[in-house]
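Below is one structure, written out as structure tokens; comments come after it.
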Amino acid sequence: MFDFFHKKNKITDIEWLGVDIHSHILPGIDDGSKEIGQSLGYIHEMQELGFGRLVCTPHIFQDLYPNTPETILPVLKTVQEEVKNQNLSIEINAAAEYMADSEFVVREGLLVFPGKHILIEMSYLMETPNIENIIFELQLQGYQVILAHPERYNFYFRHTERYEKLKSIGCSFQLNILSVLGYYGKGVKAMAEHLLNAKMYDFAGTDLHHDKHMKMLGDGVRSGKLHTILGQYPFRNLEVFSDSAFAKCI
Ligand SMILES: [Fe+2]
């Protein structure tokens with residue numbers, strides 16, 4: 001039940017998460033932000049919502065978005081310069097979201113977060129047949145694997161033991177915040193709630209691509225709804241991707 005005093009104590013920012021580890025707001029290099037003005041608009045709003053750092057993660061997917069560090073890092077630099085020019089205090093970094101499909105080659109030099117954390121995704125149509133092997137090979141090369149939005153892989157909905165298997169081999173999970181707000185539908189929302197209840201998530205991210213995402217995220221934060229749903233969950237974004245973790249990378 002809502003009451004006046006309860007409403008007054010609502011948390012209407014997202015400082016409690018602090019770091020966004022998944023977004024597509026570097027302009028012009030994937031299916032996210034199209035140009036720098038759009039990117040800066042999102043960065044302004046993300047700062048206003050309470051994020052102190054955004055780690056942008058452009059798709060690296062050979063068939064559709066054949067990005068490399070060489071296509072991503074110069075764009076990051078341009079955005080960082082603009083952010084500085086506009087006197088924003090938010091920090092902008094880049095890693096990537098790698099499509100871990102059968103074409104994916106485990107190698108040195110992948111674009112990672114501090115601590116050699118790497119964000120991977122799978123197709124929404126089917127599980128990558130050798131996903132466990134890919135994770136193992138990455139781990140052998142010192143990478144710490146984070147699987148993006150496990151709640152969106154509906155081929156797992158009748159096989160939730162696969163989530164347990166992936167966790168048991170040391171794969172971390174990243175929740176898409178918009179999943180709990182219902183953006184991707186009821187099934188995804190229900191699976192996100194299931195995985196939250198099972199304490200299977202390690203990190204959360206926005207997976208921000210465009211205005212519709214920004215609007216729902218902004219509304220969810222400013223209404224207090226997001227904090228009510230997720231605020232007490234022990235996401236590790238701030239602990240693992242702290243300022244000092246990034247300082248060591250420079
Ligand atoms: Fe993404």
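Derivation of every value follows stated rules applied to the coordinates shown; laboratory data play no part. These numbers come from a predicted model, not from an experiment. We place every Cβ from the backbone using ideal geometry, glycine too, and count neighbours over all the protein chains shown.
Quick look at the numbers
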| read-out | value |
| --- | --- |
| Global geometry of the range 24-83, whether rounded, prolate or oblate, following the gyration tensor of its Cα atoms and the 1.5 cut on a/c | prolate |
| Cα extents of the range 188-248 along the three principal axes, largest first (Å) | 35, 31, 20 |
| DSSP-assigned coil residues among GluC sites (Glu not before Pro) in the range 16-65, each with at most 11 further Cβ atoms within 10 Å | Glu35 |
| Estimated distance in nm for a label pair at Ser123 and Asn85, the labels positioned 7 Å out from Cα along Cα-to-Cβ | 4.2 nm |
| Top of Asp30, Asp101, Asp211 by mean-square fluctuation, Gaussian network on the chain, Cα under 10 Å | Asp211 |
| Relative contact order (%) - the range 52-129, alpha-carbon pairs under 8 angstrom, separation at least six | 34 percent |
| Over the chain, relative contact order from alpha-carbon pairs under 8 Å, at least 6 apart, % | 21 percent |
| Coil-residue trypsin sites (Lys or Arg not before Pro) of the range 83-151, DSSP, other Cβ within 10 Å capped at 16 | Arg107 |
| Extension gain (nm, one decimal) between Glu132 and Lys165, 0.36 nm per residue minus Cα-Cα | 11.0 nm |
| Extension gain (nm, one decimal) between Ala190 and Thr68, 0.36 nm per residue minus Cα-Cα | 40.4 nm |
| Rounded, prolate or oblate (a/c below 1.5 giving rounded, otherwise prolate when a/b exceeds b/c) for the chain by Cα gyration tensor | oblate |
| DSSP-loop trypsin sites (Lys or Arg not before Pro) across the range 157-250, with at most 15 other Cβ within 10 angstrom | Arg158, Lys199, Arg236, Lys248 |
| Prolate/oblate/rounded call for the range 10-133, Cα gyration tensor, a/c under 1.5 rounded | prolate |
| The range 109-145-the range 162-231 distance, computed between alpha-carbon centres (Å) | 20 Å |
